[in-house]
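Asker: The structure's right below; bear with me while I get my questions together.
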Amino acid sequence: IMIWALNGYFQSFGAPAIVKVNANWFALEERGTFTGIFGMMIQAGRWAIIPIATYALLHLSWPWLFYLPAIVTGAAAIYAWLHVEDHPEELGFPSVVPMTEEEGKDLAPASFSYTMKKVLTSKTLWLISGAYFCTGVVRQGLDQWFPSYLAEVHHLPQDSFAFQVTAYGIPLGAVLGAIAAGWASDKIFHGRRGPAAAILYFGQLLLLILFNFFSGPIVSGVLLVLLQFFVNGPHSLLGGAAAIDFGGRKAAASAAGLIDAFQYVGAGLTGFMVGGILDSFGWGGWTTSLSGFALLGGMLMVLIWNAR
């Protein structure tokens with residue numbers, strides 16, 4: 001348990017670090033698109049572990065379920081150390097995002113007090129964090145419980161064709177959602193993240209409600225894949241592009257850390273909270289309980305509709 005907790009701690013360094021680099025390399029109306037690419041790569045890893053883990057368990061042994069990801073992350077660390085630069089200025093390119101007067105003109109890291117003040121006094125970042133809390137509840141509420149739902153309600157074992165199609169389709173829906181959300185926020189809404197995120201939250205709400213009116217494994221699988229499109233769109237957009245927008249070059253990573261922390265608080269509720277709802281109301285209460293958080297997330301994003 002201690003090793004796994006430390007693993008989670010160090011994994012959490014990844015997203016803020018990449019957000020920080022993106023803050024220096026991409027301008028306002030590029031960030032959504034590149035955040036979508038970042039989200040796509042996360043989902044690609046989520047998809048790849050299914051066959052990798054299956055191979056490891058069938059042909060190797062349990063420890064290889066941990067060795068193989070360690071090899072991949074080790075190679076990524078070496079590559080990043082050798083080839084990733086924090087700022088375009090370090091390679092002689094002009095600044096893509098000029099420093100503001102508040103940030104200063106040098107590339108030196110900001111002080112702890114500056115970043116905390118920048119992040120903690122931003123009403124917009126707090127609203128985004130609240131919406132990200134809702135994303136954590138809906139996202140993990142679906143991801144952690146859909147295997148049990150398909151097994152108990154539709155009697156689909158995990159080695160069945162319908163279950164496997166759903167499992168592989170979920171990351172694909174998430175990839176498309178991340179790319180679409182980023183592109184729309186850049187090209188349609190000109191750097192505003194609120195409208196794209198709000199539309200996707202309300203899309204989640206509609207699909208979660210519809211889940212209670214349709215039955216059958218095929219329809220359920222399709223709805224689960226569609227839900228990933230609408231859930232992971234704002235997940236990618238708010239944790240990446242919005243953190244850069246409102247944290248600035250010097251505080252982007254701190255903003256991403258604040259936003260991401262709220263997601264994990266929300267995710268932590270989905271174990272006992274959803275479990276308690278299932279004990280009391282059965283599977284009919286599953287998506288119904290999640291729909292309220294989708295509604296709240298959409299309402300919070302409406303409040304920052306015009307924020308840039």
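Asker: Can you tell which of L28, L269, L58 shows the greatest fluctuation in a Gaussian network model of the chain with Cα springs below 10 Å?
Answerer: L58
Asker: Given labels modelled 7 Å from the Cα in the Cβ direction, how far is it in nm from V165 to E90?
Answerer: If labels sit at V165 and E90, their model points lie 4.7 nm apart.
Asker: Hey, rough spin-label estimate for A27 and V72, points 7 angstrom out along Cα→Cβ, what's it come to in nanometres?
Answerer: 3.5 nm
Asker: Could you work out which residue, out of G177, G271, G298, moves most in a Gaussian network model of the chain, that is, has the largest mean-square fluctuation with Cα springs under 10 Å?
Answerer: Looking only at G177, G271, G298, the largest GNM fluctuation is found for G271.
Asker: For F93, F34, F211, F133, give me the order by solvent-accessible area with a 1.4 Å probe, most accessible first, ignoring ligands, DNA and RNA.
Answerer: F93, F34, F133, F211
Asker: Carbon and sulfur together cover what percent of the accessible area of the range 63-167 at a 1.4 Å probe radius?
Answerer: About 67 percent, which is the carbon plus sulfur part of the accessible surface.
Asker: Still on this structure, please answer the following. Debye sum, Cα scatterers, the chain, no solvent: what log₁₀ I/I(0) at q = 0.10, 0.12, 0.15 1/Å?
Answerer: Here the Debye-derived log intensity ratios amount to -0.59, -0.84, -1.25.
Asker: Can I ask one more? Given that compact globular proteins tend to follow 2.2 N^0.38 Å, what is the ratio of the alpha-carbon Rg of the range 164-308 to that value?
Answerer: 1.10
Asker: Ok, one more. Taking the Cα centre of the chain as the origin, how large is its charge dipole in debye, to the nearest 20, when only Lys and Arg (+1) and Asp and Glu (-1) carry charge on their Cβ atoms?
Answerer: With Lys and Arg at +1 and Asp and Glu at -1, about 400 debye.
Asker: The range 20-82: D in µm²/s via Stokes-Einstein (Kirkwood Rh, Cα pairs, 20 °C, 1.002 mPa s)?
Answerer: Here the translational diffusion coefficient equals 155 µm²/s.
Asker: Accessible area of L296, 1.4 Å probe, to the nearest 10 Å²?
Answerer: For L296, the solvent-accessible surface is approximately 80 Å².
Asker: Please give, to one decimal in nm, the separation of the simple spin-label points placed at I37 and W81, each 7 Å out from Cα toward the Cβ.
Answerer: If labels sit at I37 and W81, their model points lie 2.5 nm apart.
Asker: Relative contact order, percent, of the chain when contacts are C-alpha pairs under 8 Å separated by at least 6 residues?
Answerer: It comes to 32 percent, rounded to a whole number.
Asker: Select from I50, Q11, W64 the residue farthest towards the positive end of the dipole of the chain; place +1 on Cβ of Lys and Arg, -1 on Cβ of Asp and Glu, and compute about the Cα centre.
Answerer: Going by the charge dipole, the pick is Q11.
Asker: When the chain is fully extended, how far beyond the present Cα-Cα distance does S148 get from L57, taking 0.36 nm per residue of separation?
Answerer: 30.6 nm
Asker: Now, a different point. Give or take rounding to whole Å, what are the principal axis extents of the alpha carbon atoms in the range 93-201, in descending order?
Answerer: Cα extents, longest axis first: 61, 29, 26 Å.
Asker: So how much accessible area does Y55 have, in Å² to the nearest 10, using a 1.4 Å probe?
Answerer: Its heavy atoms expose roughly 120 Å² to the probe.
Asker: While we're on this one: Hey, what does the equivalent ellipsoid look like for the range 1-151, semi-axes from the Cα gyration tensor as sqrt of 5 times each eigenvalue, largest first, whole Å?
Answerer: Ellipsoid semi-axes (Å, largest first): 34, 22, 15.
Asker: Computed FRET efficiency, Cβ-Cβ of T288 and I218, R0 25 Å: what is it to the nearest 0.05?
Answerer: 0.70
Asker: Any idea of the accessible area per residue across the chain, 1.4 Å probe, to the nearest Å²?
Answerer: Accessible surface, normalised per residue, equals 51 Å².
Asker: Rounded to the nearest 0.05, what FRET efficiency do F112 and Q158 have when you use their Cβ-Cβ distance and R0 = 30 Å?
Answerer: 0.05
Asker: Ordered by packing density, taken as the mean number of other Cβ atoms within 10 Å over each peptide's residues, highest first, how do 189-199, 158-168 rank?
Answerer: My ranking of the peptides, most packed first, is 189-199, 158-168.
The values are calculated or read from the model by the stated rules, or taken from the named source; none is laboratory data. Keep in mind that what you see is a predicted model, and the values were worked out from it rather than measured. Neighbour counts are summed over all protein chains in view; Cβ atoms, including those assigned to glycine, are modelled from backbone coordinates with ideal geometry. We work out accessible area using only protein heavy atoms, side chains counted, and drop any ligands, DNA or RNA first. Shrake-Rupley method; radii C 1.70, N 1.55, O 1.52, S 1.80 Å.
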